[in-house]
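Asker: If you scroll down you'll find the structure; I have some questions about it.
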Amino acid sequence: MVTSSSKPTLSVLENIDEDVFWLIAHQLTRVKSSLVDLSSTSRRMRRMAMPLLFSRCVTWFTGRSELPPVAIRPLVRHLKYKGRIDADRCEETFGKELPCLPALCSIAFDGRGVGVPWCALKRCLSLPLLTALTFEEGTSFRRIDPYPAEELADISINLKSLSHNASPWLLFTPIPTNTVPTTGVIPQPEEQFQEHFVLESRCLSAIVSKLPLTVEYLKLSVETAPLAQMCTTPWPCLRELHLYGYVIERSELPFLRDLLCLAPRLHTLSVELCHKKLAKNDRSSVLGRPPYTLDRTLAIKALKLAYPDPQDAILIAASGPHLTSLSLNDHPRFYLHRLCTALRSRWSAPLLSSADCLGILQRMDIPNLQTFELVYQTEGDDDDELLQYVATAYASLSHLEIHRYRRDWAQSIPYLHIARLLEAAKSLRTVHLNLDFHEDHGPYSMDSEARSRWARIRNTRGQELANVLQSCPILEYVALFYNAYESCLWVEYHPSRCAEPHMRFAEDDSPPLPLYMRH
């Protein structure tokens, strides 16, 4: 007990070890303003939090933004440019803050529909410490000239990360009426954007050609990724490869086999592709079917495949005690495929059956699996054996995400039965469930009455599921999928033993559909 004569003591936070503080601080960055609030409690907290608080900054292309305060300039490591660059004024307006940021190592561009001119990119690539370059979704490579390969050849580039986050909805952009040919025949989206894809591919090829000896992380759109070029040289440092998009020409896919042989340190492989309807094969196959084998052993720790071929040799080649994260998913999400006519009419969504999933898992040897995402479609209640296998085969499974769709709209959703099967997985910490409930109004619904009714039902069922699964001793929460008005996200339901609120809205599950696609 503290009395008037007791000496004041420092708070626990004031005495906290700095390494422990950093672990806490990184967790707080996930919750808006939480780190700011913590840094305001004392001078010591402020001093320790500053490197994280001011490590990321945002500025505008216009050149009218003020320079950052002198005190935080040495702390800025990541810089994002937003808005459109004026190519004609780039030399005089772009990048005046760059010489003031000595620790800058990462730059991202969000061009709001246009590309990054060469004069701007050249200025960034010339920074001695730059190791990460990101083109955000808004940077489309439009209205710029191709990057000059001869000038790039003279620049010493030491990038460890290149990320191209192209818009997943580019192919569905409405065609302006004034661009329709006089014949009245509207071109297919792939034809409409052919010129754009050629320019984008030329720009990316010029950059990628400089990276084989240094890059560790690559994220590229399959429509424009220079895969053929990449297969001509080794990638000794490449650790993560993420390929996504829409397969317009299947001739690009065989290059994946060669690329895997040229990346001996690869530990994360993500291939999330969507194929045209009526294609000879509308599933993604990285290595092809057996007896195809690689010339070397893979040591992949994380594997993510959208609409995979159950017989793809990559599933066996990637097996082993090293694989700790596996995702057999859909791209784009199947709930968006069902909603959007433009997506549904031309692009395939061949969901795995529960028998397909069980067959894949029984063939794979993955005893140390920790994170697992599974998307499949049921024929009635035919997935008991699959769920029992998932719950009992992986002793270290800590995160499980299931998207379970009904083939027959009338079939019931035995959600409590599903939870009772999964509670055998005692190592679970977090569970995400999209169970395709009948009462769910679907994405972007404007029916307020249906939304309110489903919210009440969802909250009741979410807490029921959390109460069943809390028999898993370290369970933190069960999350149910939620179609919000402007996004599709997860709602967390916490067991009664947890200190957190029993319900919390969490992160989005997928990029939102543009308004013109919501029908």
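Asker: May I ask you to list the residues in the range 414-432 that are open to solvent by 20 Å² or more (accessible area, probe 1.4 Å), assigned to a loop (DSSP other than H, G, I, E, B) and not small (Gly, Ala, Ser)?
Answerer: Listed by number, the residues that qualify are 414, 423, 426, 429.
Asker: I need every pair where a residue in the range 490-515 that is within 16 Å of residue 333 (Cβ to Cβ) has its Cβ under 6 Å from the Cβ of a residue that is basic (Lys, Arg), sequence separation at least 6 or different chains.
Answerer: From the range 490-515, the pairs are 510/333.
Asker: Moving on. Suppose the filter is of a type in the set (Asp, Glu) and at pLDDT below 80; does residue 14 pass it? Steps first, please.
Answerer: On the way: of a type in the set (Asp, Glu): yes; at pLDDT below 80: yes.
Yes, satisfied.
Asker: Looking at the range 468-488, which of its residues are farther than 14 Å from residue 429 by Cα, open to solvent by 40 Å² or more (accessible area, probe 1.4 Å) and either touching a Pro at 6+ places or on another chain (Cβ under 7 Å) or in a helix (DSSP H, G or I) (or both)?
Answerer: 486, the sole residue that qualifies.
Asker: Give the range 79-99 a look and list any residue that's aliphatic (A, V, I, L, M), more than 18 Å from residue 69 (Cα to Cα) and not in a helix (DSSP H, G or I), or say none.
Answerer: Of the range 79-99, the ones aliphatic (A, V, I, L, M) are 79, 85, 87, 98.
Imposing the further condition that a residue be more than 18 Å from residue 69 (Cα to Cα) reduces the set to 85, 87.
Once the filter is applied, which keeps residues that are aliphatic (A, V, I, L, M), more than 18 Å from residue 69 (Cα to Cα) and not in a helix (DSSP H, G or I), the range 79-99 yields only 85.
Asker: Same structure again: Among the residues in the range 328-347, are any at pLDDT 90 or above, in a loop (DSSP other than H, G, I, E, B) and of a type in the set (S, T, N, Q)?
Answerer: No, the range 328-347 contains no residue that is at pLDDT 90 or above, in a loop (DSSP other than H, G, I, E, B) and of a type in the set (S, T, N, Q).
Asker: Hey, could you check the range 495-519 for residues that are assigned to a loop (DSSP other than H, G, I, E, B) and open to solvent by less than 10 Å² (accessible area, probe 1.4 Å) and say which is farthest from residue 370 (Cα to Cα)? Working first, answer last.
Answerer: Initially, the range 495-519 is screened for residues assigned to a loop (DSSP other than H, G, I, E, B), giving 495-502, 509-514, 518-519.
Imposing the further condition that a residue be open to solvent by less than 10 Å² (accessible area, probe 1.4 Å) reduces the set to 495, 513.
On the way: 495: 21, 513: 31 Å.
Taking the candidates together, the pick is 513.
Asker: Among the listed residues 275, 322, identify the single one that is open to solvent by 10 Å² or more (accessible area, probe 1.4 Å), touching a residue at least 40 places away in the same chain (Cβ under 8 Å) and of a type outside the set (Gly, Ala, Ser). Even if it seems obvious, please write down each step before you answer.
Answerer: Values: 275 fails: open to solvent by 10 Å² or more (accessible area, probe 1.4 Å).
Going through 275, 322 in turn, just one is open to solvent by 10 Å² or more (accessible area, probe 1.4 Å), touching a residue at least 40 places away in the same chain (Cβ under 8 Å) and of a type outside the set (Gly, Ala, Ser): 322.
Asker: If a residue has to be open to solvent by 10 Å² or more (accessible area, probe 1.4 Å) and farther than 22 Å from residue 437 by Cα to count, how many in the range 365-393 make the cut?
Answerer: Of the residues in that region, 8 qualify.
Asker: Let me ask something else about it. Of the residues 107, 72, which is surrounded by fewer than 17 Cβ atoms within 10 Å (Cβ to Cβ) and either among the β-branched types (Val, Ile, Thr) or within 27 Å of the chain's Cα centre (by Cα) (or both)? Give the steps one after another, and end with the answer.
Answerer: Numbers: 107 fails: surrounded by fewer than 17 Cβ atoms within 10 Å (Cβ to Cβ).
After applying the criteria, what remains is 72.
Asker: Here is a further query. Would you point out the residue of the range 24-63, among those that are open to solvent by 70 Å² or more (accessible area, probe 1.4 Å) and touching a Phe, Trp or Tyr at 6+ places or on another chain (Cβ under 9 Å), that is modelled with the lowest pLDDT?
Answerer: Among residues in the range 24-63 that are open to solvent by 70 Å² or more (accessible area, probe 1.4 Å) and touching a Phe, Trp or Tyr at 6+ places or on another chain (Cβ under 9 Å), the one modelled with the lowest pLDDT is 60.
Asker: Is there any pair with a first residue in the range 147-175 that is closer than 13 Å to residue 244 by Cβ and of a type in the set (Ser, Thr, Tyr) and a second that is part of a loop (DSSP other than H, G, I, E, B) and at pLDDT below 90 whose Cβ atoms are under 9 Å apart and which are 6 or more apart or on different chains, and what are they?
Answerer: Partner pairs satisfying both residue conditions: 167/137; 167/138; 167/140; 167/173; 167/511; 167/514.
The values are calculated or read from the model by the stated rules, or taken from the named source; none is laboratory data. Keep in mind that this is a model prediction, so the values were computed, not measured. Positions of Cβ are generated from backbone atoms using ideal geometry, with glycine treated the same way; all protein chains shown enter the neighbour counts. Protein only, heavy atoms only, side chains kept; ligands, DNA and RNA dropped before computing areas. Shrake-Rupley method; radii C 1.70, N 1.55, O 1.52, S 1.80 Å.
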